[in-house]
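The values are calculated or read from the model by the stated rules, or taken from the named source; none is laboratory data. Computed from a predicted structure; not experimentally measured. Methodologically, a virtual Cβ is constructed for each residue, glycine included, from the backbone with ideal geometry; neighbour enumeration extends over all protein chains shown. What goes into the accessible areas is simple: the full protein's heavy atoms, side chains included, and nothing from ligands, DNA or RNA. Shrake-Rupley method; radii C 1.70, N 1.55, O 1.52, S 1.80 Å.
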Amino acid sequence: MNTKKKGFASRWGFILASVGSAVGMANVWGFPNKMGSNGGGAFLLIYLFFVFIFSYVGLPSEFAIGRGSGTGTLGSYSNAWKTRSNKLEKAGGLIGWLPLLGSLCISIGYAVIVSYVLKALVSSLTGALMGSDVDLWFEGFSTRPYSVIPYHIIVVVGTLLTLMLGAKSIEKSNKIMMPIFFVIFLFLAVCVAFLPNSIEGYKFMFTADWKKLLDPFVWVWAMGQAFFSLSLTGSGMIVYGAYLGENEDVVSVSQKTAIFDTIAALVAALVIIPACFSYKMDVGAGPGLLFVTLPKILQDIPLGQVFAIILYVAMIFAGVSSLQNMFEAVCESLIHKFPKLSRKVVLAILCLVCLGAGIGMEAIYQWGPWMDMISIYIIPIGATLGAISWFWIMKKDDLLSEINKGASNKHADIWYYTGKFVYVPFALILCIVALFMKVAF
């Protein structure tokens with residue numbers, strides 16, 4: 001692949017695209033929900049711990065592997081395993097299919113959620129949302145089969161159309177979408193600060209219940225959320241790395257991505273959680289946090305309909321930017337594996353698969369459990385396979401060579417062994433404990 005031809009035009013374009021992939025429902029719905037269900041401040045401490053480690057070794061390694069191979073998941077795994085032995089190249093390519101399928105599974109559930117957001121936008125435009133009992137409004141379509149099919153088609157087809165030009169279209173769209181997202185949520189956070197009893201929400205967020213630090217399930221949820229939030233799937237960020245120039249420091253851009261992603265998660269929590277305390281709602285209410293709590297806030301503020309429209313536009317931007325990454329990971333890998341296929345043909349195939357599976361999911365409205373399963377099982381397994389491939393299979397010198405391209409301060413043993421003996425074990429532990437949770441409960 002010619003990365004100069006297909007690559008991002010600027011460092012900030014790349015960072016915004018990476019932030020766009022990371023920022024989305026994982027921040028606005030997932031983070032406040034998981035935080036609310038797992039001890040507030042204690043969960044936040046554990047989450048920040050994992051974000052620090054993952055942005056130091058996990059995210060840079062995926063960027064570097066993609067940049068080194070110049071392609072997506074399948075080619076990157078093949079190349080990583082080949083450094084150990086030419087005989088392992090095929091095995092690496094086979095392993096790469098698992099995280100790639102993970103990206104496809106994520107996109108299927110994610111597209112349904114973004115369809116719900118588009119439904120909320122349309123209801124905001126018509127005014128139906130502002131004059132409704134939002135609990136009944138949300139229940140009216142979230143528990144009814146095939147209720148958002150037109151919105152689902154628009155989201156999937158629209159996202160895939162934005163990918164026709166590859167990295168250039170991804171970069172241009174995220175330069176607009178991400179700033180709008182941050183501005184809107186900062187405004188809402190200020191509005192929520194003036195709600196009655198919101199102070200209790202801040203206390204919940206920033207006061208740790210130290211007993212929760214001894215609960216292994218809190219650690220599992222926090223670690224899974226960190227993987228999900230940073231798009232560490234063993235697949236998605238590899239393809240963005242393939243579009244990154246060799247003069248960029250992957251550790252530096254990874255940490256900037258993590259900073260913006262964490263700010264987005266915290267700002268979303270500063271909107272959702274204090275509002276839950278103000279309206280006496282369950283902070284662990286799942287998707288209701290996005291589709292019930294936010295509309296109640298908007299109904300109570302001046303020009304609420306205007307801000308509802310802007311908010312849900314921003315949410316669609318965030319969701320589409322994440323879907324772009326998931327679809328691009330699959331698209332680029334398939335084009336690399338089957339070079340006779342054109343980009344348009346692959347995108348059309350992805351469109352049909354995603355729509356077909358998503359509509360089937362709508363029939364039994366199981367996207368919530370599906371996304372929980374993805375964050376606890378599918379994403380960590382993909383990230384773990386990637387981590388093992390980079391830090392235990394790939395030769396140390398080859399990995400460090402890719403990491404140090406463009407780095408002003410060269411990374412060596414501390415970085416490498418943090419990945420090998422901290423990042424990989426944590427990922428393995430998460431998979432094992434998650435499996436135990438599945439069996440036990």
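Over 17 Å from the mean Cα position of the chain (by Cα) and either buried (at least 24 other Cβ atoms within 10 Å of the Cβ) or at pLDDT below 95 (or both), is that true of residue 15? Show your work before the answer.
On the way: over 17 Å from the mean Cα position of the chain (by Cα): no; either buried (at least 24 other Cβ atoms within 10 Å of the Cβ) or at pLDDT below 95 (or both): yes.
In short, no.
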Selection status of residue 297, at pLDDT 85 or above and either within 19 Å of the chain's Cα centre (by Cα) or buried (at least 19 other Cβ atoms within 10 Å of the Cβ) (or both)
no
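Select from region 144-158 the residues that are open to solvent by 70 Å² or more (accessible area, probe 1.4 Å) and in a loop (DSSP other than H, G, I, E, B) and write down the one among them that is nearest to residue 289 (Cα to Cα). Give the derivation first.
First, pick out the residues of region 144-158 that are open to solvent by 70 Å² or more (accessible area, probe 1.4 Å): 144, 146, 150, 153-154.
Checking which are in a loop (DSSP other than H, G, I, E, B) leaves us with 144, 146.
Values: 144: 19, 146: 22 Å.
Looking at the filtered set, the residue picked out is 144.
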So residue 312 fits all but one of (1) open to solvent by 10 Å² or more (accessible area, probe 1.4 Å); (2) modelled with pLDDT of 80 or more; (3) out of contact with any Pro (no Cβ under 9 Å at 6 or more places or on another chain); what number is the exception?
(1)
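Within region 179-205, take every residue that is within 14 Å of residue 265 (Cα to Cα) and open to solvent by 60 Å² or more (accessible area, probe 1.4 Å) and give me the one that is modelled with the lowest pLDDT. Before you say what the answer is, go through the steps one by one.
Here is the first cut: in region 179-205, the ones within 14 Å of residue 265 (Cα to Cα) are 181-186, 188-189, 205.
The next check asks that each one be open to solvent by 60 Å² or more (accessible area, probe 1.4 Å); those that pass are 183, 186.
Values: 183: 84, 186: 87.
Result: 183.
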